[in-house]
Amino acid sequence: MSKLAYKRVLLKVSGEVLMGSQPYGIDLDTVGRVADEVIACARAGAQVALVIGGGNIFRGLSGAAKGMERVSADHMGIMATVMNALAMQGVLVSKGMDARVLSAIAMPTVCETYSHAKGIHHLEAGRVVICTAGTGLPFFTTDTGAALRAAELKCDALFKGTSVDGVYSADPKKDAGAKRYDRITFQDILSHDLRIMDPAAIALARDNGIPVVVFNIREAGAVQQVLAGKGRFTVVTKD
């Protein structure tokens, strides 16, 4: 790999990515592909933290959550992120990469409890750190949790893996005339209501000076390309 554009990164992966072609659940082939890319980045010298959403599992539970109060439904979603984190850890370890799951909600028989000092220690020891359970609180998305962890772990960038190759002025799947940006500011994201992440996550990244790099994680090799500053992506910055 070429010289790294970023040394320590937090990669945010939506739970939907892990479904592969399934309607919901975990596709282990897809988890394996993402794990291979994370391992390649780590072996190239990068320190990598992960945050994985829970939509792939919660989608299958959404019927049960109908009519439920928001707090309980959000806690179900939080548990879904833990299942995804454990799946990713298992695949990483099976491929020879040391990985630790750190949960915002204490569950000591399952994984370690998150602290920023513990996370930084594991990163500096060459381990992949998987931060799970979001912020540990309802009403906050995993995007906000990812921005928070990126700030706490002193990451150089937050990589947002999506299904499109950057930020567009509109949904490119619905609007053929949508404009794609190579660079855009946090203020423009907020003022034009471009929903790449929720506003709280954007504000956290902006206020802590953490660039957000948006790219298509479904393309093989995309994570390594972006880490080297190559390929197609959009960088969101203060200026």
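Quick rundown of the values:
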quantity: Breaking point among (1) surrounded by fewer than 18 Cβ atoms within 10 Å (Cβ to Cβ); (2) modelled with pLDDT under 95; (3) under 21 Å from His116 (Cβ atoms), for Met197; calculated: (1)
quantity: Count of segment 180-195 residues which are within 21 Å of Thr142 (Cα to Cα) and assigned to a loop (DSSP other than H, G, I, E, B); calculated: 3
quantity: Segment 114-169, subset under 20 Å from Pro211 (Cβ atoms) and among the acidic types (Asp, Glu), residue surrounded by the most Cβ atoms within 10 Å (Cβ to Cβ); calculated: Asp143
quantity: Residues located in segment 196-235, provided they are within 14 Å of Ser169 (Cβ to Cβ) and assigned to a strand (DSSP E or B); calculated: Val214, Thr234
quantity: Among the residues listed as Thr81, Thr109, the single one being among the hydroxyl-bearing types (Ser, Thr, Tyr) and under 16 Å from the mean Cα position of the chain (by Cα); calculated: Thr81
quantity: Every residue from segment 89-122 that is in contact (Cβ under 8 Å) with a residue 60 or more places away in the chain and assigned to a helix (DSSP H, G or I); calculated: Val91, Gly119
quantity: Test: Ala49 is in a strand (DSSP E or B) and in contact (Cβ under 8 Å) with a residue 12 or more places away in the chain; calculated: yes
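The values are calculated or read from the model by the stated rules, or taken from the named source; none is laboratory data. No experiment lies behind these values; they were computed from the predicted model shown. Methodologically, a virtual Cβ is constructed for each residue, glycine included, from the backbone with ideal geometry; neighbour enumeration extends over all protein chains shown.
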